[in-house]
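Inspection log for the structure reproduced underneath, given as structure tokens.
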Amino acid sequence: MSIIKDIWFHTNLDLNILASNIGLIQVEMDAENHWEWVTGYLENVQLDITRPIDSKSDIYEVRIFRLGESPIISGELHSLIVTRLIKLGISPIYIGIWNYLSGNDFEKNILSKII
């Protein structure tokens with residue numbers, strides 16, 4: 001079984017709405033030049049929901065990952081997040097790993113796609 005580090009998808013929903021509907025608690029929001037994000041806890045795991053600020057449309061690529069170096073999710077937590085995203089009408093949802101390249105660039109390795 002491959003290690004899942006990231007879940008990503010495209011949406012126009014506000015990050016606070018996503019955090020609330022996913023079930024994050026103790027939510028904090030922040031931003032910098034290129035990214036904005038919310039962090040919070042789900043099942044005692046600290047997650048980050050982030051997206052670029054400078055989208056050329058009203059649809060953003062949003063990434064969810066676990067803060068720190070650990071894989072994002074065990075099976076149960078992964079399923080919980082995906083189920084809650086599907087209830088929001090988000091599709092497709094990509095599961096895999098974002099590998100940092102440089103600057104704000106990442107290589108995205110898709111392990112599965114949920115439609």
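Taking the stretch 91-115 as the search range and keeping residues that are among the small types (Gly, Ala, Ser) and closer than 11 Å to residue 7 by Cβ, which one is most open to solvent (accessible area, probe 1.4 Å)?
Ranking the qualifying residues of the stretch 91-115, first place goes to 112.
Inside the stretch 69-90, can you point out the residues that are touching a residue at least 12 places away in the same chain (Cβ under 8 Å) and open to solvent by less than 60 Å² (accessible area, probe 1.4 Å)?
Answer for the stretch 69-90, where residues must be touching a residue at least 12 places away in the same chain (Cβ under 8 Å) and open to solvent by less than 60 Å² (accessible area, probe 1.4 Å): 71, 72, 73, 77, 78, 80, 81, 82, 85, 88, 90.
Could you identify the single residue in 4, 97, 73 that is touching a Gly at 6+ places or on another chain (Cβ under 8 Å), under 20 Å from residue 109 (Cα atoms), among the β-branched types (Val, Ile, Thr) and modelled with pLDDT under 90?
4
Taking the stretch 90-115 as the region of interest, how many residues are within 17 Å of residue 49 (Cα to Cα) and not in a strand (DSSP E or B)?
4
Which of the residues spanning the stretch 11-41 are part of a strand (DSSP E or B), touching a residue at least 60 places away in the same chain (Cβ under 8 Å) and either surrounded by fewer than 18 Cβ atoms within 10 Å (Cβ to Cβ) or out of contact with any helix residue (DSSP H, G or I) (no Cβ under 9 Å at 6 or more places or on another chain) (or both)?
35
Restricting to the stretch 42-68, what's the tally of residues that are at pLDDT 80 or above, surrounded by fewer than 12 Cβ atoms within 10 Å (Cβ to Cβ) and either on the phi > 0 side of the Ramachandran plot or assigned to a strand (DSSP E or B) (or both)?
Residues in the stretch 42-68 being at pLDDT 80 or above, surrounded by fewer than 12 Cβ atoms within 10 Å (Cβ to Cβ) and either on the phi > 0 side of the Ramachandran plot or assigned to a strand (DSSP E or B) (or both): 1 in total.
The values are calculated or read from the model by the stated rules, or taken from the named source; none is laboratory data. Everything numeric in this text was worked out from a predicted model, so none of it was measured. Cβ atoms come from the backbone with ideal geometry, glycine included; neighbour counts cover every protein chain shown. These accessible areas exclude ligands, DNA and RNA; they are computed on the full protein's heavy atoms, side chains included. Shrake-Rupley method; radii C 1.70, N 1.55, O 1.52, S 1.80 Å.
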